[in-house]
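To keep things clear, I will list the structure first and then write my remarks on it.
The values are calculated or read from the model by the stated rules, or taken from the named source; none is laboratory data. Everything quoted here is computed from the prediction, not taken from an experiment. Cβ: placed from backbone, ideal geometry, glycine included. Neighbour counts: every protein chain shown. Just so you know, the surface numbers come from the protein's heavy atoms only, side chains and all, with ligands and any DNA or RNA stripped out. Shrake-Rupley method; radii C 1.70, N 1.55, O 1.52, S 1.80 Å.
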Amino acid sequence: MEPQDRMMEFVPTAENTRTLRDAFGRFATGVTVVTCASDDGPIGITANSFTSLSLNPPLVLWAPDKSSRRSPYFRSAKHFAIHVLAHDQAELCWSVAKDMHGLTKENLDTNPEGVPLIRGCLARFECVQHAIHDGGDHEIVVGRVLRAALREDGDSLAFFKGKMNRFTS
């Protein structure tokens with residue numbers, strides 16, 4: 001049997017969530033930072049659970065962990081922005097992953113709704129909350145895109161098997 005043909009099969013249970021997480025990690029994703037405004041200042045959260053949903057109307061979704069201390073901020077935020085990170089923004093990604101106030105060191109712009117905007121990302125989607133659905137231990141947040149922006153060039157920051165790397169075109 002060839003190495004690429006060997007598969008470890010399992011039934012997901014509460015005792016093997018690490019194995020399930022490793023299996024999920026075999027799907028390479030881009031890396032995003034989602035931001036919102038709050039009375040405590042700009043809030044950020046890293047998310048690789050982002051996808052486009054609909055062109056008409058323009059909808060995107062992402063899924064924060066319900067147990068995250070950041071979830072209440074995003075649950076109550078009427079507006080938020082999703083930033084697709086460029087390969088040279090790995091440090092920003094880790095800063096926000098470790099600290100919801102990790103954006104305070106950044107030189108941020110603000111949109112008309114008061115949402116903090118990160119400079120230098122590959123793409124940005126400024127959204128109004130459209131719906132929130134139950135997703136097990138996560139919530140599925142659907143946003144209607146009010147405005148979008150994209151860079152003409154640049155390589156993506158990618159996440160695969162628990163590590164970040166560069167995805168080039």
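Tabulated data
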| quantity | calculated |
| --- | --- |
| Which numbered condition LYS105 fails, given (1) at pLDDT 90 or above; (2) more than 15 Å from the chain's Cα centre (by Cα) | (1) |
| Residues being β-branched (Val, Ile, Thr) and free of Cβ contacts under 8 Å to residues at least 60 places away in the same chain - total across the range 117-132 | 2 |
| All positions within the range 47-74 that are loosely packed, with under 14 Cβ neighbours inside 10 Å, over 19 Å from ALA123 (Cα atoms) and touching a residue at least 40 places away in the same chain (Cβ under 8 Å) | SER67 |
| Residue check, GLY114 outside any strand (DSSP E or B), in contact (Cβ under 8 Å) with a residue 60 or more places away in the chain and on the phi > 0 side of the Ramachandran plot | yes |
| Positions within the range 130-156 being open to solvent by 50 Å² or more (accessible area, probe 1.4 Å) and under 15 Å from the mean Cα position of the chain (by Cα), in sequence order | HIS138, ILE140 |
| Top-ranked residue in the range 63-82 [being touching a Ser or Thr at 6+ places or on another chain (Cβ under 8 Å) and part of a loop (DSSP other than H, G, I, E, B); ranked as nearest to VAL96 (Cα to Cα)] | PRO64 |
| For ILE82: the one exception among (1) under 27 Å from ARG166 (Cα atoms); (2) more than 12 Å from the chain's Cα centre (by Cα); (3) not small (Gly, Ala, Ser) | (2) |
| Selected residue (criterion: surrounded by the fewest Cβ atoms within 10 Å (Cβ to Cβ)) from residues of the range 30-46 that are of a type outside the set (A, V, I, L, M, F, W, C) and either closer than 19 Å to MET164 by Cβ or touching a Leu at 6+ places or on another chain (Cβ under 9 Å) (or both) | GLY41 |
| Criterion: assigned to a loop (DSSP other than H, G, I, E, B) and among the β-branched types (Val, Ile, Thr) - qualifying residue of VAL60, VAL11, VAL96, VAL33 | VAL11 |
| Test: residue in the range 15-29 that is of a type outside the set (A, V, I, L, M) and crowded, with 16+ Cβ neighbours inside 10 Å | yes |
| Flag for ARG166 being part of a strand (DSSP E or B), of a type outside the set (A, V, I, L, M) and either touching a helix residue (DSSP H, G or I) at 6+ places or on another chain (Cβ under 8 Å) or modelled with pLDDT under 95 (or both) | yes |
| Residue match in the range 75-91 (condition: out of contact with any Asp or Glu (no Cβ under 9 Å at 6 or more places or on another chain), open to solvent by 60 Å² or more (accessible area, probe 1.4 Å), acidic (Asp, Glu) and within 16 Å of ALA47 (Cα to Cα)) | yes |
